Amino acid sequence: MITSEKPSEVSANEPDYVRWLDDLWAERLLAARDRKADLSIGILLWPTFPMMSLTGIVEPLRHAADFADNSRPLHCRWSIMGAPGHAAVASCGIRVHADAPYINPTDFDYVVVIGGLLPHLRAAPGKHRDYLRVAASAGVPVIGVCTGAFVLAQEGLLTGRKACVHPFHAEDFRTAFPRLAFSTRDDFLIENGRITVPGGVSILSLMTELIRTHCGPDRAAKAVHQLSLTEQKHMSAFDHGRASTFRRTEDSRIQRAVVLIESRKGRDVSPEQVASLVGLSPRQFARLFQDNIGMAPKRFIVETRLRYGRFLVENSTLPMTAIAFEIGFSDSAHFATAFRKKYGKPPRSFR
């Protein structure tokens, strides 16, 4: 069992901010009819797996799954699977026991493979690989973490897809799978039912994205806040577009405004409405927002819609017209014009 210590000191407004995020979430849950977990992940551990990759998956889920500083797996759930009594030894020597059998993979939103040291990739239980193939054939998205990308490639599950590989393993991957494309410059890649992430801090970036997608930006905000992710712009794992907008300002009113806008993905919301919700006049709100975020509220709303649009372009098969309507544009032409202005290329070039 792994436990984490809380910092000895926190700023005065941190508990209030987390409590506010929980209240926002509670209001949404009251209207929800389906109370099953919003995000459920099954985990397969390979021998000599990196402990950081496991905690990088579980800790964000733990914070997003429950209210305040509780850790009950209510709205996010995770299971480390294996045969009865099975345990995997991490590269640091810590033994982690399976807490669940091989559950029907369709009960999960994702199945994660955390690979180990390359010489030990073939030492995993055969049932791990059998389960992985069954999950993939059932259409469950599969995530390869660290050398988990090698495992997916060995099982033929990366054919026609690009893998995200740690630079340390680039030459090994090229030698082992000369016909597979790969990148060493991304935090993660999502391609047609397969997700690859090189491990390390990049796993936090991926988990923030999955929590945001399945549970909402308010849950992602809580995970980011509780884990105290740094905001250095050169650290692409926590780039401003994915996670750090929640923590770019010390003004709690503007912080709340950002979460409200992103919770709605920029749709059906105006600067005037947000100003009223956070207790500011439109003029005060516009000035404070510009000072703290560096752009006008209206522009931030448009960019939030476009970020969501880009996510749909890259990770769905929706037609461009459907995406345009989904994010609040009247037609695909207006969407394409705004998208090109923001990203320098038309939407289709990102698909």
In which sequence would E250, E59 go, from the one with the fewest C-beta neighbours within 10 Å to the one with the most? E250, E59
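Taking neighbour Cβ counts within 10 Å as the exposure measure, how do W46, W78 sort from fewest upward? Please list the in-between numbers first.
On the way: W46 25, W78 22.
With the fewest neighbours first, W46, W78 line up as W78, W46.
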Burial ordering of I190, I103, fewest other beta-carbon atoms within 10 Å first: I103, I190
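We did not get these values from a lab; they are worked out from the coordinates using the rules stated. Predicted model, so just to flag it, every value in this text is computed and none were measured. Ideal geometry is used to build each Cβ from the backbone, glycine not excepted, and the neighbour counts take in all protein chains shown.
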